[in-house]
C-alpha cells in the first residue's frame with residue numbers, strides 16, 4: 001500500500017467514531033460520579049475494570065486471529081475452515097468462560113475469607129460479565145473481517161456506550177434508586193445488546209458458501225497461534241486497568257478509586273490517538289520498511305511526532321489551566337486530585353508519542369524482545385502500583401501506571417534509533433550515534 005492508497009474517508013469515519021465514543025463514555029462517567037458520589041463511582045469503575053480484564057483471557061486471543069484467518073480462508077475459497085474457525089471460536093470462548101468464572105469465584109471467596117477483607121459488591125457479578133464481553137469481541141471482529149468494519153465499529157463505539165448512557169439517564173430521571181449496582185446492570189445490559197447485535201449481524205452477513213459448508217476444525221493450531229495474542233492483549237489491559245484495581249485492594253480511602261477512574265477517563269482522550277495514528281501512519285510505513293527506505297520512514301515519523309506533540313501540548317495546556325474545573329464537573333471532592341490529573345496526563349502524553357516503537361520493532365522482526373518487554377512492563381506496573389497505592393493513593397496509582405510503560409517505550413525507541421536508524425521521537429539523543437550511522 002502506497003501513501004496515496006490510505007483510505008482517508010475510512011480514517012475520518014473511524015476518527016469520528018472514536019471521538020463520539022470518548023464523548024459518550026466521558027459524559028457517562030461524569031454523570032455517574034456526580035450522581036453516585038466518589039465512593040459509588042469507584043465501585044462501578046472496579047466492576048467495569050474487572051469485566052474488561054476478564055474479557056481478554058476468556059477470548060483466548062481468537063478475536064485477534066479473526067482478521068488473520070477469515071480473509072485468507074475467504075480469498076482461497078476454503079469455506080470449511082472458515083465456518084470451522086467461527087464455530088470453534090464460539091465454543092472455545094464459552095468453554096473458557098465456564099471454566100474461568102467458577103475458578104475466580106472460589107479464589108475470590110478463599111482470599112476474602114483468609115484475609116478478612118470487606119467483599120466488593122460487584123466483583124462476583126463482574127466475573128460473569130467477562131465471558132459476555134469476550135464473545136462480543138469475537139463477534140465484532142468477525143463482522144470487521146467480513147468487510148463490515150463500519151457496522152462493527154458502530155456497534156462497539158456508538159451503540160454500546162450510547163445505550164449505557166441512555167439507560168443510566170433514564171433510571172435517574174424516572175426516580176429509580178441509582179446506586180453502583182443499578183449502574184453496573186446498565187453496563188451489563190449494554191454488553192448483552194452489543195453481543196446480540198454483533199452475533200445477529202455477523203451471522204446474517206456471513207458468506208453463503210460458509211453457511212453451507214461442512215465445518216473443518218484445526219483447534220489446536222488456531223489456539224497455538226491465538227494464545228500469544230491473548231498474552232499481549234492481557235498485558236496491555238492490565239497496564240490500563242491496574243490502577244483502579246490496586247487502589248481498591250490497597251488504598252484505605254474509597255474516594256481515591258473514583259478519583260483515579262475519573263482521571264484515567266480524562267486521559268483516555270489521548271490514548272485513543274494511538275490506534276488512530278497507527279491506522280493512518282503504519283500503512284504508509286510498512287512498504288517503505290520492507291524496501292529499506294529509512295529516510296522516508298523517518299520523514300513520515302517526524303510528521304507523526306510533531307502532529308501528536310501539538311495535540312498533547314494543547315491537551316496538557318487545557319489540563320493545567322482548566323484541570324480543576326474538569327474534575328469539579330465530575331465531583332467537587334475530585335478537585336483535590338488536580339496533581340494526580342497533571343501527573344497522569346504527562347505520563348500518557350509520553351506514551352502516546354512513543355507508542356509506535358513496539359510496533360516498529362515487531363516490523364523489524366524483534367517479536368520476542370517486544371513480548372518480553374511487555375511482560376516485564378506488566379510486572380513492574382503491578383509491583384510499583386501495589387507499592388505506591390497504599391502510600392500515595394491515587395497519585396501512587398498514576399505513577400505506577402504510567403512510569404513503567406513510558407520507560408519501556410523509551411528504551412524501545414532508543415533501540416530503534418541506535419540499531420535500525422528509525423527515529424520515533426525527533427529529539428536530541430534519540431538519533432543513531434555517529435559510529436552507528438550507515439555508511
Tell me yes or no: at least one residue of region 281-291 is under 22 Å from residue 385 (Cβ atoms) and touching a helix residue (DSSP H, G or I) at 6+ places or on another chain (Cβ under 9 Å).
no
When only residues in region 419-430 that are surrounded by fewer than 17 Cβ atoms within 10 Å (Cβ to Cβ) and within 18 Å of residue 406 (Cα to Cα) count, which is modelled with the lowest pLDDT?
429
Would you check if there is a residue in region 361-368 being part of a helix (DSSP H, G or I), surrounded by fewer than 18 Cβ atoms within 10 Å (Cβ to Cβ), touching a residue at least 12 places away in the same chain (Cβ under 8 Å) and not assigned by TED's automatic domain parsing to the domain that holds residue 21?
no
Among the numbered conditions (1) farther than 19 Å from residue 38 by Cβ; (2) not assigned by TED's automatic domain parsing to the domain that holds residue 15, tell me where residue 243 comes up short.
(1)
Exactly one of these conditions fails for residue 278: (1) touching a residue at least 60 places away in the same chain (Cβ under 8 Å); (2) buried (at least 20 other Cβ atoms within 10 Å of the Cβ). Give me its number.
(2)
Please state which one of 300, 239 is more than 26 Å from residue 396 (Cα to Cα) and either part of a helix (DSSP H, G or I) or modelled with pLDDT under 85 (or both).
300
If we ask which residues in region 385-394 are part of a helix (DSSP H, G or I) and surrounded by 20 or more Cβ atoms within 10 Å (Cβ to Cβ), their number turns out to be 4
Do we find a residue being surrounded by fewer than 18 Cβ atoms within 10 Å (Cβ to Cβ) and touching a residue at least 12 places away in the same chain (Cβ under 8 Å) anywhere in region 53-65?
no
Let me spell it out: the conditions are (1) outside the structural domain of residue 127 (by TED's automatic domain parsing); (2) farther than 30 Å from residue 344 by Cα; (3) surrounded by fewer than 17 Cβ atoms within 10 Å (Cβ to Cβ), and residue 222 meets all of them except one. Which number is the exception?
(3)
Do we find that residue 320 is surrounded by fewer than 19 Cβ atoms within 10 Å (Cβ to Cβ) and in a helix (DSSP H, G or I) in this structure?
yes
Those residues of region 281-299 which are touching a residue at least 24 places away in the same chain (Cβ under 8 Å) and over 25 Å from the mean Cα position of the chain (by Cα), in sequence order:
287, 289, 294, 297, 298
How many residues are surrounded by fewer than 19 Cβ atoms within 10 Å (Cβ to Cβ) and either at pLDDT 95 or above or within 22 Å of residue 100 (Cβ to Cβ) (or both) if we restrict to region 133-158?
0
Can you confirm whether residue 268 is touching a helix residue (DSSP H, G or I) at 6+ places or on another chain (Cβ under 8 Å), in a helix (DSSP H, G or I) and not assigned by TED's automatic domain parsing to the domain that holds residue 357?
no
Looking for something modelled with pLDDT of 90 or more, within 23 Å of residue 136 (Cβ to Cβ) and surrounded by 16 or more Cβ atoms within 10 Å (Cβ to Cβ) - is there at least one such residue anywhere in region 2-15?
no
Of the conditions (1) within 19 Å of residue 149 (Cα to Cα); (2) surrounded by 14 or more Cβ atoms within 10 Å (Cβ to Cβ), residue 215 fails just one. Which one is it?
(1)
Hits in region 249-265 (condition: at pLDDT 85 or above and either surrounded by fewer than 24 Cβ atoms within 10 Å (Cβ to Cβ) or under 12 Å from residue 381 (Cβ atoms) (or both))
255, 265
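The values are calculated or read from the model by the stated rules, or taken from the named source; none is laboratory data. Everything numeric here is computed off the predicted structure, so don't read it as measured data. Cβ coordinates were reconstructed from backbone atoms using ideal geometry, including for glycine residues, and neighbour counts include every protein chain displayed.
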